[in-house]
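Worksheet: the structure to be examined is printed underneath.
The values are calculated or read from the model by the stated rules, or taken from the named source; none is laboratory data. Keep in mind that what you see is a predicted model, and the values were worked out from it rather than measured. In this analysis, Cβ positions are derived from the backbone assuming ideal geometry, glycine residues included, and neighbour counts consider all displayed protein chains. Calculation scope for accessible area: heavy atoms of the full protein, side chains included, ligands and nucleic acids excluded. Shrake-Rupley method; radii C 1.70, N 1.55, O 1.52, S 1.80 Å.
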Amino acid sequence: MAETPQKKGHIVMTPFMAHGHLIPFLALARKIQETAPSTFTITIATTPLNIQYLKSAISTTFSDVSIHLADLPFNHSQYGLPPNIENTEKLPLTDIIKLFHASTSLEAPLSSLISNITEQEGQPPVCVISDVFLGWVTNVAKRLGTRSITFTTCGAYGTLAYISIWSNLPHRKTDSDEFWTPGFPQHYRFHRTQLHRYLREADGTDSWSKFFPPQIAFSMKSDGWICNTVEEVETLGLQLLKNYLQLPVWSVGPLLPSKGSNSKYRAGKESGVALEECMEWLDLKDENSVLYISFGSQNTVSASQMMALAEGLEESEIFFIWVIRPPFGFDINAEFKAEWLPEGFEERMKLSKRGLLVHKWGPQLEILSHKSTGAFLSHCGWNSVLESLSQGVPIISWPLAAEQGYNAKMLVEEMCVGVELTRTVESVISKDDVKRVIKIVMDQEGKGKEMKEKAKQIALHMKEATVERGDEKGSSLRAIDDFVRTILQI
């Protein structure tokens with residue numbers, strides 16, 4: 001009988017407590033295991049409620065026995081958080097900064113976990129892979145004798161813009177609405193309206209400023225960064241990020257969820273519509289004729305914006321699937337009220353089969369990969385951007401928070417695969433604005449056709465980056481190989 005291969009090391013992973021971070025960490029763990037089978041034991045360490053969330057995702061999409069989950073005790077009350085809140089999903093925007101500060105309380109239990117692994121295995125883990133927002137983990141890793149690797153679940157361009165603007169606050173040094181950001185070419189300009197409200201107002205003394213710059217500075221002292229992107233897709237962004245960090249950057253994307261029958265419970269969430277119902281609805285539509293609309297797992301738009309969006313959709317007479325939640329300022333997890341839409345809107349869309357409204361959560365990757373889907377109206381969160389472009393679907397951008405404004409800028413100005421509708425929940429839009437961008441992106445001949453072709457080219461780059469043909473490996477596979485070799489070096 002052949003001997004079981006001896007594990008060469010342990011990897012500990014610490015994601016930030018948000019769905020858009022937890023799932024890429026899980027996907028990265030799986031990618032490492034696929035690249036180096038039987039080489040590593042991987043432990044993902046997070047708070048108890050997030051562990052439950054990950055367990056539901058693992059039970060439906062993973063069979064890896066070498067991916068373990070470890071609870072890190074979490075005291076919500078110490079930071080003014082409501083009971084049973086350990087994730088951004090159910091937090092109002094005003095309280096999210098409390099969760100960021102609360103994440104620093106995981107330092108002691110994480111240190112104990114790493115020390116216990118070291119004692120049990122006779123050596124420290126080969127590395128700790130931590131979220132870019134958990135920079136304090138870098139200090140823990142170095143103190144306990146292991147490598148520290150930062151994982152940014154965003155793209156390279158968006159990551160650089162985000163960390164540089166927080167680190168330098170360049171918008172505070174000019175009266176102009178446009179400003180240059182360190183790390184970017186001198187002719188590049190970002191705009192104040194691309195910044196989230198709390199970043200716009202940051203002055204170095206507020207609670208947001210007290211968290212982000214120090215954590216980013218810690219992360220920049222790690223031994224290397226992993227980025228969820230593709231070398232051929234973000235050539236400029238990756239080069240700029242490497243120059244800014246002066247560290248190795250491994251580009252291992254796209255880290256995507258797998259399609260399939262388990263999508264109903266993908267990422268620990270139950271879809272608001274049966275996959276079969278959604279696919280049957282799409283099957284009846286012409287190729288590239290449907291607009292998919294979703295603002296991610298924890299975002300929504302204002303009541304007036306929602307009304308204008310609905311009016312514009314109806315008057316444009318486009319086919320659409322809209323993943324919809326209560327508007328900004330209301331409980332995003334509460335029941336949806338008909339008063340937030342034009343009178344009789346949902347019923348008219350249902351009867352005419354022109355629109356399918358999905359409440360709370362939808363099977364996004366399956367929708368985007370269907371031949372009938374022609375464009376995606378998106379908040380431009382990076383996971384959504386990757387899912388859309390991996391299927392060759394162009395994007396109407398409506399960034400709302402985080403690095404989404406920078407992603408939108410790249411999609412529109414650099415990649416030419418998108419058109420912008422508006423920015424943030426504070427803007428005022430009309431039904432005519434909605435009709436105008438829909439007409440542009442869904443145009444089968446002019447600019448819409450050009451965007452579709454560029455998006456398809458990007459989808460091809462993404463696919464090639466993750467395939468192996470004979471002795472030839474795609475760029476993302478080579479990057480994972482290089483990462484594994486690096487952390488195994490003693």
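Here are the numbers for this structure:
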{"item": "Unique match (being part of a helix (DSSP H, G or I) and either under 20 Å from Ser207 (Cα atoms) or more than 26 Å from the chain's Cα centre (by Cα) (or both)) among Pro109, Pro124", "result": "Pro109"}
{"item": "Check on Ser115, among the hydroxyl-bearing types (Ser, Thr, Tyr), modelled with pLDDT of 95 or more and closer than 23 Å to Thr47 by Cβ", "result": "yes"}
{"item": "Yes/no for Ile96 being part of a loop (DSSP other than H, G, I, E, B), closer than 22 Å to Leu54 by Cα and either touching a Ser or Thr at 6+ places or on another chain (Cβ under 7 Å) or free of Cβ contacts under 8 Å to residues at least 40 places away in the same chain (or both)", "result": "no"}
{"item": "Conditions (1) without any contact (Cβ under 8 Å) to a residue 60 or more places away in the chain; (2) crowded, with 16+ Cβ neighbours inside 10 Å: number failed by Leu106", "result": "(1)"}
{"item": "Qualifying residues in the range 456-474 (those that are touching a residue at least 12 places away in the same chain (Cβ under 8 Å) and under 17 Å from Ala27 (Cβ atoms)) - the one nearest to the chain's Cα centre (by Cα)", "result": "Met462"}
{"item": "Sole exception among (1) farther than 22 Å from Gly296 by Cβ; (2) modelled with pLDDT of 95 or more; (3) in contact with a strand residue (DSSP E or B) (Cβ under 7 Å, 6 or more places away or on another chain) for Val437, by number", "result": "(1)"}
{"item": "One residue from Ala45, Ala57 being modelled with pLDDT under 90 and surrounded by 21 or more Cβ atoms within 10 Å (Cβ to Cβ)", "result": "Ala57"}
{"item": "Residue tally, condition among the polar types (S, T, N, Q) and touching a Pro at 6+ places or on another chain (Cβ under 8 Å), over the range 361-387", "result": "1"}
{"item": "Residues located in the range 252-290, provided they are exposed (fewer than 14 other Cβ atoms within 10 Å of the Cβ), modelled with pLDDT under 85 and among the aliphatic types (A, V, I, L, M)", "result": "Ala274"}
{"item": "Residues of the range 184-219 that turn out to be within 26 Å of Leu238 (Cβ to Cβ), among the small types (Gly, Ala, Ser) and open to solvent by less than 30 Å² (accessible area, probe 1.4 Å), as a count", "result": "1"}
{"item": "Any hit, the range 345-353, residues being aliphatic (A, V, I, L, M), over 21 Å from the mean Cα position of the chain (by Cα) and open to solvent by 20 Å² or more (accessible area, probe 1.4 Å)", "result": "yes"}
{"item": "Answer from Leu99, Leu93, Leu134, Leu106 - the residue that is closer than 24 Å to Ser167 by Cβ and modelled with pLDDT under 90", "result": "Leu93"}
{"item": "Residue match in the range 294-301 (condition: open to solvent by less than 70 Å² (accessible area, probe 1.4 Å) and at pLDDT 95 or above)", "result": "yes"}
{"item": "In the range 466-490, the residues that are over 21 Å from Met13 (Cβ atoms), open to solvent by 60 Å² or more (accessible area, probe 1.4 Å) and in a helix (DSSP H, G or I)", "result": "Arg478"}
{"item": "So Ser130, is it farther than 20 Å from Met410 by Cβ and not aliphatic (A, V, I, L, M)", "result": "yes"}
{"item": "Any chance Lys431 is touching a Ser or Thr at 6+ places or on another chain (Cβ under 9 Å) and touching a residue at least 60 places away in the same chain (Cβ under 8 Å)", "result": "yes"}
{"item": "Out of Leu81, Leu69, sole residue that is open to solvent by 40 Å² or more (accessible area, probe 1.4 Å), at pLDDT 90 or above and either more than 22 Å from Trp382 (Cα to Cα) or outside any helix (DSSP H, G or I) (or both)", "result": "Leu69"}
{"item": "Helices (runs of 4 or more DSSP H) wholly inside the range 148-251 that include at least 2 residues being small (Gly, Ala, Ser) and at pLDDT 95 or above", "result": "156-168, 207-219"}
{"item": "Matching residues in the range 302-326 - criterion: being of a type outside the set (Ser, Thr, Tyr), open to solvent by 10 Å² or more (accessible area, probe 1.4 Å) and over 19 Å from Ser427 (Cβ atoms)", "result": "Glu314, Glu315, Glu317, Ile318, Phe319"}
{"item": "Failed criterion for Asn50 (all others in (1) buried (at least 17 other Cβ atoms within 10 Å of the Cβ); (2) under 27 Å from Pro254 (Cβ atoms); (3) touching a strand residue (DSSP E or B) at 6+ places or on another chain (Cβ under 8 Å) hold)", "result": "(3)"}
{"item": "Which numbered condition Gln444 misses (of (1) of a type outside the set (Val, Ile, Thr); (2) exposed (fewer than 14 other Cβ atoms within 10 Å of the Cβ); (3) part of a helix (DSSP H, G or I); (4) touching a strand residue (DSSP E or B) at 6+ places or on another chain (Cβ under 9 Å))", "result": "(3)"}
{"item": "Ser167, sole failed condition from (1) open to solvent by less than 20 Å² (accessible area, probe 1.4 Å); (2) among the small types (Gly, Ala, Ser); (3) touching a helix residue (DSSP H, G or I) at 6+ places or on another chain (Cβ under 6 Å)", "result": "(1)"}
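Conditions tested, residue by residue: (1) open to solvent by less than 80 Å² (accessible area, probe 1.4 Å); (2) among the β-branched types (Val, Ile, Thr); (3) not in a strand (DSSP E or B).
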{"residue": "Val425", "(1), (2), (3)": "yes, yes, yes"}
{"residue": "Ile429", "(1), (2), (3)": "yes, yes, yes"}
{"residue": "Lys435", "(1), (2), (3)": "yes, no, yes"}
{"residue": "Lys439", "(1), (2), (3)": "no, no, yes"}
{"residue": "Lys452", "(1), (2), (3)": "yes, no, yes"}
{"residue": "Gln457", "(1), (2), (3)": "no, no, yes"}
